[in-house]
Structure formats: C-alpha cells, structure tokens
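Working notes, beginning with the structure itself.
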Amino acid sequence: MTAPALAASELAKSYGGLRALDGVDLVVEAGTVHCVLGENGAGKSTLCHAIGGSLTPDAGTLRLYGEAYAPRRPADALAAGVAMVHQHFSLVATLTVGENLRLLRLPDLARRIARVRDTYGLHLELDAVVGELPVGVRQRVEIVKALLREPRLLVLDEPTGVLGPAETDALLATCRRIADAGRAVVLVTHKLGEAVRAGDAATVLRGGRVAGGGPSPSCPPNAWCR
Ligand SMILES: Nc1ncnc2c1ncn2[C@@H]1O[C@H](COP(=O)(O)OP(=O)(O)OP(=O)(O)O)[C@@H](O)[C@H]1O
C-alpha cells in the first residue's frame, strides 16, 4: 500500500488557554484534492501553518509520503516538497509578475513557467505589474509561484474567499488538474458546496477538533458529521 501524501496525528496547538488544534488527525492521499472545512476560528489556518512550518505544534506528528516530517520553518517545508498559498498575498505589488517570480531564484525559470502553463493551463502576463492586477489574477500568480517548485503537496488556505463564481470555478478546475498530475492538494474552505464539487475527501474541523469527514464528499454532507 502506498503511504499517504500527508498524515497528521493528534496535532495540538494552543494560544494561551485557547486550543486552536486539539488532537487533529488528517490523512491526505496523493493524487487527490482533500478539503478542510470549518467555520471561522475552527483551526483551519493553524493547521495550514503547522503543515507549512510557520508554526510548531505543541504536540502530534506529521508524516509526508511515509516519512517523518517536522518542519520548523517554511524553508523546511519547501525543501520537503510542500508549498503553501496563504490567505495573505506574498507578492511585491510594485514589481511585475516576472520580477516576482525571479525573486524565487529558481534554476531554469522559463522552462518551469512553461511547464506550469502547459500542464495546468495557468497562463501569466509576465510584464504586468502585480499591483494593477485583479485579485483573481494575483491569486493565480501565487499558485503558479507555488507550483514552480513542483511540490508534492500544495496547501491552499481559503483561496476562494476573494474570488467570484467564475474565478472559483477556474481555481477548482486547477486543483483537479494538480491532483490528476499525481500531486496532493489540501484545499481549505468554509463553503460546503466547494468541497462537494472539488474534493475527493474532506475533513471537517470544529473548535480545533475533527468533527467529521469522509472519503467522498459526493455522499450526503450530513454523513461527514458524526
Ligand atoms: N496568533 C494567534 N494568537 C492567538 N489566537 C489565535 C492566533 N491565531 C489564531 N488564533 C485563534 O485560534 C483559533 C483558530 O484560528 P484559525 O485562524 O486557525 O481558524 P480558521 O478556521 O482558519 O478561521 P478563519 O476562517 O477565520 O481563518 C481562533 O479562535 C483564533 O482566534
């Protein structure tokens, strides 16, 4: 049996007396879109930060493709093949798209950009100034930026929060293509409909705990909640 792309076990993180994550288990299979669902404050972003190395959990373990994975910094996650797209944009607004991508200092950048475009249908205007782009296009640049590193696991923290319906459809289709290319996608959302449309599986968080989940969001949503 192949090891899952990501397996979190008993993850815990408190801020003072508040348990943002309280014993969270999560299994994300390679080649799938796994939705993490929950209302505001459920712990979704905290979980993303733990996966991405921008916070260290108080307890619990992570495994990546079967190997122990304990990122202490975002650079550790990147080195292990985990890319994050957080809610807040990381691009420099005054620079062009191309200049932003060059800041990554990746070898063979032009070839990587062409591969991401051809594989996922993500076209970019490299000469456009980021600050002048609509938010949906900026989001696309963020996703391309993450994909240029050819990650094994891509985590998207509420990427559709800033998008309209057409842009959301495009983003969900992109997630599908990424999964079909054999990578794993964690898609955080608080919209059940998105999870039903886009997810191969879902985990529902409530108050820092897993409140439900299942392998197939096409089953009745209530089946996710135990
Ligand atoms: N740095 C922090 N310091 C103190 N409390 C925090 C911190 N970050 C998050 N929290 C609290 O932890 C809980 C979980 O927050 P988190 O951001 O992980 O939830 P979320 O599900 O991502 O919510 P949202 O959809 O609003 O982003 C919330 O009660 C939040 O107020």
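Phi angles of region 146-153 translate, via the Karplus equation with coefficients 6.51, -1.76, 1.60 and θ = phi - 60°, into HN-Hα couplings of 5, 6, 4, 7, 6, x, 7, 9 Hz per residue; Gly and Pro are given as x. Along region 76-91 the Karplus relation, 6.51 cos²θ - 1.76 cosθ + 1.60 evaluated at θ = phi - 60°, assigns HN-Hα couplings of 5, 5, 4, 5, 8, x, 10, 10, 10, 10, 7, 5, 9, 5, 10, 7 Hz to successive residues, with x for each Gly and Pro. Only one residue of THR2, LEU163, SER90 has its Cα farthest out toward the positive end of the dipole of the chain, where Lys and Arg carry +1 and Asp and Glu -1 on Cβ, and that residue is THR2. How many percent of Cα pairs in the chain exceed 34 Å? That tail contains 11 percent of the Cα-Cα pairs. Each of VAL188, VAL85 was scored by other Cβ atoms within 10 Å of its Cβ. Arranged with the fewest first, they read VAL85, VAL188. Remark: spin-label model distance GLU132-ALA181 equals 2.8 nm, labels positioned 7 Å along the Cα→Cβ axis. So which residue, out of THR94, THR32, THR189, gets the largest mean-square fluctuation from a GNM of the chain using Cα contacts under 10 Å as springs? In the Gaussian network model the winner is THR94.
In the chain, helical runs assigned H by DSSP with n ≥ 4 each contribute -39500 (n - 2.57); averaged across all residues and rounded to the nearest 500, the mean residue ellipticity at 222 nm is -9000 deg cm²/dmol.
Basic side chains Lys and Arg get +1 at the Cβ, acidic Asp and Glu get -1 at the Cβ, and with that the dipole of region 1-68 about its Cα centre reaches some 140 debye.
We did not get these values from a lab; they are worked out from the coordinates using the rules stated. All of these numbers come straight from a predicted model, not from anything done at the bench. Neighbour counts are summed over all protein chains in view; Cβ atoms, including those assigned to glycine, are modelled from backbone coordinates with ideal geometry.
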